[in-house]
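Peer 1: My structure is below; once you've seen it, I'll send some questions.
The values are calculated or read from the model by the stated rules, or taken from the named source; none is laboratory data. It should be emphasised that the depicted structure is a prediction, and the values quoted were computed from it without experimental measurement. FYI the Cβ positions are ideal-geometry reconstructions off the backbone, even for glycines, and counts take in every protein chain you see. Just so you know, the surface numbers come from the protein's heavy atoms only, side chains and all, with ligands and any DNA or RNA stripped out. Shrake-Rupley method; radii C 1.70, N 1.55, O 1.52, S 1.80 Å.
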Amino acid sequence: MNYSEFLSTICSNMENRYSEASVSIRPVLKNNSQHLDGLLILQPGENIAPTIYLNSYYFRYQKGAPFDSLLEEISSLYEKHRFPSLFDLSLLRDFERIRSRISFRLVSRASNLELLADIPSLPFLDLAIIFFFTLEDEIIGSSTVLIHNSHLKLWNTTAEELFKLAKSNTRFLTGCEIIPMERLLFPEIEKEELPPSNTAEIFVLSNRTRIFGAACLLYDDILASFADMLQDDFYVLPSSIHEVLLLPMKKSPSPNSLLQMVQEINKKEVAPEDVLSNQLYLYQAKEHRLGIVLLAGIE
């Protein structure tokens, strides 16, 4: 069956399985213009439901996975994550209860034009700063909610105000850290056996959770302290929305080689929804400035 028939069949099977539930498939726009189809099963007495994305299930079906086993897997996933009671939606309307939970992350501007039309954002190089908040609840556990323009109207606030809150909150909630790549690749090696920090050649900048960690680029004091430790300017390779790589300028290959590396890795090794940028950046210590490396200089 084709993809449309697959979605329809999944939906009808779930309607039969959960006869009292409202079953629907909702298109969802994700990072980098990735369009996904989410299955929603809402039981009586519930006002929130998990979204189960079906695109990967169809890919597995095309590869030979039995349809019935996929149905069972989807049903099991739903049962595991369903919310069997009413969630207090008043929390989403109360800005005073939300403000300490607001964080930011970085995404590509050019690859998210449709999404950025519907959400508050601020420009940063070729990227966009966007905002989300975290919910912690006994029923739903921990989840994140992307902030839309409708939230700004509801809360009577601005993107600039969100940025002020997020700059403090994000660092407090998840921190920022720079680690030599060897420590991530070989965690079993004792710290004392690794090269001294100022002699390593590649570093990883992210946060403690390794989720949306590229946002650490927004903290100049982190970048400035690293440049002071190196006593050198450094290149920034946008590895993904979750982390970036830092390379001391004096120990690095040519900018052209680094740029080619970034673009090849994004194309072959990074999931489309996780790509941050196809540009190369340089942090200049004296100017406290992060800019895009162009063939003619720094933008």
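Peer 1: For the list (1) closer than 18 Å to Phe67 by Cβ; (2) at pLDDT below 95; (3) open to solvent by less than 60 Å² (accessible area, probe 1.4 Å), I need the number of the one condition that Met1 fails.
Peer 2: The failed condition is (3).
Peer 1: In the range 4-33, which residues are assigned to a strand (DSSP E or B) and open to solvent by less than 60 Å² (accessible area, probe 1.4 Å)?
Peer 2: Scanning the range 4-33 gives Val23, Ser24, Ile25, Val28, Leu29.
Peer 1: If I filter the range 157-167 down to residues being of a type outside the set (Phe, Trp, Tyr) and over 12 Å from Arg101 (Cβ atoms), which single residue comes out as most open to solvent (accessible area, probe 1.4 Å)?
Peer 2: Going through the range 157-167, the residues of a type outside the set (Phe, Trp, Tyr) turn out to be 157-162, 164-167.
When the remaining residues are screened for being over 12 Å from Arg101 (Cβ atoms), the result is 157-161, 164, 167.
Values: Thr157: 25, Thr158: 66, Ala159: 13, Glu160: 105, Glu161: 56, Lys164: 143, Lys167: 81 Å².
Across the range 157-167, the extreme among qualifying residues is Lys164.
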